[in-house]
1. With r defined as the distance between the Cβ atoms of residue 113 and residue 317 and R0 fixed at 22 Å, what FRET efficiency is calculated, to the nearest 0.05?
2. Express as a percent, rounded to the nearest 5, the fraction of DSSP beta bridges in the chain (both residues included) that run antiparallel.
3. Rounding to the nearest 10 and keeping the result within 0 to 90°, find how far the Cα-based axis of helix 81-90 lies from the longest principal axis of the chain.
4. What relative contact order, as a whole-number percentage, does the range 5-124 give when Cα pairs under 8 Å and 6 or more residues apart are counted?
5. Could you work out the relative contact order of the chain? I mean the mean sequence separation of Cα pairs under 8 Å and 6+ apart, divided by the number of residues, in percent.
6. Can you tell me how much longer the chain between residue 289 and residue 18 gets when fully stretched, taken as 0.36 nm per residue apart minus their C-alpha distance, in nm with one decimal?
7. To the nearest 10 degrees, how steep is helix 132-142 against the longest Cα principal axis of the chain, on a 0 to 90 scale?
8. In nm, what is the difference between 0.36 nm times the number of residues separating residue 145 and residue 165 and their Cα-Cα distance?
Ligand SMILES: NC(=O)c1ccc[n+]([C@@H]2O[C@H](COP(=O)([O-])OP(=O)(O)OC[C@H]3O[C@@H](n4cnc5c(N)ncnc54)[C@H](O)[C@@H]3O)[C@@H](O)[C@H]2O)c1
């Protein structure tokens, strides 16, 4: 493919304006942002004008039929990911879709099949994989420093971090609350570091205790009268290779830290906390903690978007694949089903 890569964006909200557009811009003359679509015409127009994007539309279909594109960023609420992703792939575009992949397993599978049929990349906005900590730890794991990884913990907990903007508290549009929104980032990070083992079964529980009442909002004031998602989710995932993962995620919980994003990995030769990166080993009769003295300071979002552009232009494949998106969606939806039924859900 020749440069510049002709890019279109679907959804002109927060993540499009703060991550996708500025990071495409940082790619310089390798990328041309040609069009943006948003169901709210005024928003599409305003974001197009303020970013020098020549075309704006009110739907992905309209955008794809009017302009020739090589790649599309899908930045809509979760409910509309599948429709936009499949349309863009069928129009012959590579796609960078924001996380989570979708609302249901059937959608994530249909998206993976569409990518396969089109022979185009579909990758997801799991930017924590591109943090320097995760990149460094992955190298240690791949070199065998932690041995066999058999246990992990994924934590995405906020004390009072219910978003006061957007649709993050709307189950109809997002599919759920902290589990599918922030828990999914740490779930993906843990799975990536564990080598994406095949899930076997899950148990889970969700709680809606704080979001439905007024309270202190550290991320703005949320609408407690229309709060339809869980405020905390907890789960236990067992994999077919015997490994297990404990996951906890909350927009609001009575805990000490303001927020905590963490993955803990345990192997038979060593363990690690990812943020900040510290490895735990036993060597020559001593228990030792190993920390990198220096990690480059690079924005994970910037690395993620740069790598997507590189892949579209013939460079290495994106890290996050459609098949991994299906596994993540299966686990998330199984955790919600397990929470609702109170039963173990087989995958
Ligand atoms: N990677 C991250 O860290 C991260 C952070 C925030 C949000 N996200 C994800 O990004 C997505 C969007 O989140 P946001 O914070 O930008 O939300 P937002 O509400 O700020 O923006 C979404 C935009 O999509 C538009 N829209 C709705 N339906 C549409 C459709 N069918 N076609 C075109 N446009 C449509 C809305 O009008 C709105 O402008 C979500 O999937 C969210 O999970 C990821």
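Rule-based calculations on the coordinates, nothing more; no lab input. If you're wondering where the values come from, they're calculated on a predicted model, not measured in any experiment. Heads up, the Cβs are rebuilt from the backbone with ideal geometry, glycines too, and the neighbour counts pull from every protein chain shown.
1. For residue 113 and residue 317, the calculated efficiency is 0.75.
2. Within the chain, antiparallel bridges account for around 60 percent of the total.
3. Helix 81-90 sits roughly 60 degrees off the main axis of the chain.
4. Rounded, it is 24 percent for the range 5-124.
5. Normalised by residue count, the contact order of the chain is 20 percent.
6. Contour length minus Cα-Cα distance gives 93.9 nm.
7. The angle comes out near 60 degrees.
8. Gain on extension, residue 145 to residue 165, equals 2.9 nm.
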